[in-house]
Amino acid sequence: MREPGRSDGAIRPGIAAGALRPWCSNRCGGVLQLPFLDACALGGSGTGIARGRRGCGSLRSAGGVVTHVVFVGLGFGGLYTLRRLVDGAVAGLRVTAIDRRDRFVFTPLLYEYLVGELAADVVAPPYAELVPEGVELVTDEVRSIDVRARTIQLAGGRTLTFDVLVLSPGSVPAFHGVEGAETEAVPFYSLSDAERLRIVLDTGAWARGGLPACVVGGGVVGVELAFALAERLERGGAGPRATEQPSVIVLEALDEILRGVTPQMRRMVKKKLARRGVQVRTGVRVLEVAPHAIVFRSGDRTERVEAAAIAWAAGIRVNPLIERLPAERHGNHGVRVERTLQLPGYPHVFVLGDAIAYPGRVMGEPLPDTAQAAVQEAEVCAANVRSLIENGLPREHFRFSNLGMFLRVNRHEAIADIKGVVVDGVVASLARQAAYVVRLPLWALRTAAIRQWLGLEEAEEVEVRRERRRAA
């Protein structure tokens, strides 16, 4: 007998008494078993996931048990898993989706919004338009998750219980303890970040040509952001380019920008940045971010640079919700999960997106924190949640396939590395647009993006109409 009050032995909300079975067909001891938490579903030891044969139980029974699946976080991993799962028409399914924001952000296209190429409703459509009918959408912040008791506490005071949890809360900017960075610098990970940066640029000394903009971080986000800032300056017809100052300064702590890309791609990027008046400083350590100024150390010298705007793209860290999970961490790269994307020891919890370090029992190369990885995870996660509910045992293993990378330069130019083949110019730009447009979650969004890219519809006009509708 289990001790009174132990959550692993109680009949939880959402699991009817009829779902409990008096014996196990796989001879796990002949005692009452909770669905998918018996010894077979846990691989016999309670620490792993059995594979290759049917589990002892499922979340459904002949009596029509309702299974409550809760999604925490609706980024690429969470939203795409949700849409695939609901489209699969699993019977007896109740779904709740929680996110603190009211909009999904297609982050690879956030640069297009910054330069006015795509409208906000294309890059960041409301969740109300994306979440399938019948799903309860909750806009609130999650305060805590108890994976043992299967409860979620929301900031608004509500407590939710779940049978299956899909956890994809995303990440948060890493400010590395730099004084003033969190308050004075503008990160670039959400629509509100991009809107804030647009306001700063349009109303500050940068737009008048007085001061440069600084980007902290020379990874993919920082470099694409530098290109976007230079493009926005060119479109405005003003800026520091008329003086001896660079238009944009990129500050990178390492000796090279774009760590991890091929040398050929890095050389292309450097040439294109230089042509657009972007200065790259490597091997620098940022010490302080002040209003309209940044202090950093380069070699033996400490420098202070006046800046109209300071954008922060110096990496991300794991969401605090993930830090509190009873799971093995891997530095700043999230938690280890099973190859089925389940949390070890908690087969009712699936983790994906930036929250994952690497799948499998043997430590490997951390998964990239990219939309590409999250979309691939979503396909496996949806299949495994469905299999867990219907059969009691997930069957799909996740294997990341790197399809390449794109780096936007401007509206008509990009650099692409596809399976080791590096191309640039218009061809790369068209390939990038095609790759992203097919991944937009709705056909209406794809059509709108194509129309705005082709110039058949101006993003600014769409924004004006949106503001008028909101004001009406």
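No value in this document is a laboratory result; all are computed from the given coordinates. No experiment lies behind these values; they were computed from the predicted model shown. Note that we place each Cβ from the backbone using ideal geometry, even for glycine, and neighbour counts take in every protein chain shown.
So here's what we get for this one:
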| item | result |
| --- | --- |
| Within segment 213-309: Cβ-based charge dipole about Cα centre, in debye rounded to nearest 20 (Lys, Arg +1; Asp, Glu -1) | 360 debye |
| Global geometry of segment 410-457, whether rounded, prolate or oblate, following the gyration tensor of its Cα atoms and the 1.5 cut on a/c | oblate |
| Charge dipole magnitude, Cβ of K and R +1, D and E -1 - segment 281-423, Cα centre, debye nearest 20 | 160 debye |
| Nonlocal amide H pairs with V215, under 5 Å, H built at 1.01 Å | I249, V250, L251, A311 |
| Label-point separation, E306 to R324 (7 Å along Cα→Cβ), nm | 4.5 nm |
| Low-density loop positions, GluC sites (Glu not before Pro), segment 254-311 - DSSP coil, at most 15 other Cβ in 10 Å | E256 |
| For segment 301-353: rounded, prolate or oblate by the Cα gyration tensor [a/c cutoff 1.5] | prolate |
| L118 long-range amide H proximity, modeled H, under 5 Å | Y113 |
| Segment 175-314 shape via C-alpha gyration tensor axes, a/c threshold 1.5 | rounded |
| Estimated vicinal HN-Hα couplings, Hz - segment 379-390 in sequence order (Karplus 6.51, -1.76, 1.60; Gly, Pro = x) | 4, 5, 4, 4, 5, 6, 5, 4, 5, 4, 5, 8 |
| Dipole axis of segment 397-472 (+1 Lys, Arg; -1 Asp, Glu on Cβ), positive-most option in V421, A459, L445 | L445 |
| Unit charges at the beta carbon, dipole of segment 175-314: most positive-side option, H292, G222, S190 | G222 |
| Most positive-pole-ward Cα, T302, Q376, L388, against dipole of segment 275-396 from beta carbon charges | T302 |
| Loop-located trypsin sites (Lys or Arg not before Pro) in segment 141-202 whose Cβ has at most 14 other Cβ within 10 Å (DSSP) | R148, R158 |
| Restricting segment 268-339 to trypsin sites (Lys or Arg not before Pro) in coil, as DSSP defines it, with at most 15 other Cβ within 10 Å | R324 |
